[in-house]
Amino acid sequence: MSNRTLTAALMLAGLSVAALAQTAPTAPAPGTPMPASSDTTSSGMGMKMADTATVKLKFITVKPADVMSSKLVGTTVYNNKNDTVGEVEDLVIENGKTLTGVVVSVGGFLGLGESYVVLDPSTLAISNKDGKWMVHADTDKDTLKNAPKFSYSKKKS
């Protein structure tokens, strides 16, 4: 599994909170970190940057409402007029536990001249209609083209 796929999987886990928040009034707001737990084996603590793991391995069950990051990365982003405005490139996870951004490519043609912007996940809606995943944003192409640019290397390190 590549670093990009792992990162996307973790971000998607956080994005599923946003999707659930639409149907479950008691769900935390999108982008809200899970409360800290005094239990050091709790999965709510998130991943850590370290050379060794210090928490006992636990397994989880994927719920039907959960969205896999592999379904979102590469998904087209549409505005409310159903115009294509970009494509999901990556997901940003803060401190290994909270989805804080969705990297979207905008502009360009066949990968040339495109740029990247990072959108707040709480401003996006996702849907799956007839097996086709879609991301929706209340924006237009010009707003995204003029948004603050994000730059990173996609090379594996």
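Just to confirm a number: summing +1 for Lys and Arg and -1 for Asp and Glu over residues other than Val102 whose beta-carbon lies under 9 angstrom from that of Val102, what do you get? Each step should come with its number before you reach the end.
Numbers: positive: none; negative: Glu89, Asp90, Asp120.
The answer is -3.
Neighbours of Val85, meaning other residues whose beta-carbon lies under 14 angstrom from its beta-carbon, give a summed charge of -4 when Lys and Arg score +1 and Asp and Glu score -1. Amide H contacts of Asp90: Val103, each under 5 Å away and 5 or more positions distant or on a separate chain (H built 1.01 Å from N in the peptide plane; Pro and chain starts excluded).
FRET efficiency for the pair Asp140 and Lys48, taken as 1/(1 + (r/R0)^6) with r the Cβ-Cβ distance and R0 = 41 Å, rounds to 0.55.
Using the Karplus relation 6.51 cos²θ - 1.76 cosθ + 1.60 with θ = phi - 60°, the per-residue 3J(HN,Hα) values for the range 128-138 come to 9, 10, 6, x, 10, 7, 9, 10, 10, 9, 7 Hz, with x marking Gly and Pro.
Fewest neighbouring Cβ atoms within 10 Å first, the residues Met134, Met49 line up as Met49, Met134. Count the net charge of all other residues whose Cβ sits under 13 Å from the Cβ of Met49, scoring Lys and Arg as +1 and Asp and Glu as -1. My count for the surroundings of Met49 gives 0.
The H on the amide N of Asp66, modeled in the peptide plane, is under 5 Å from the matching H of no residue at least 5 residues off or on a different chain.
Read-outs throughout are calculated quantities, based only on the coordinates presented, and are distinct from any laboratory measurement. Remember, predicted model here, so these are calculated numbers, not experimental data. Methodologically, a virtual Cβ is constructed for each residue, glycine included, from the backbone with ideal geometry; neighbour enumeration extends over all protein chains shown.
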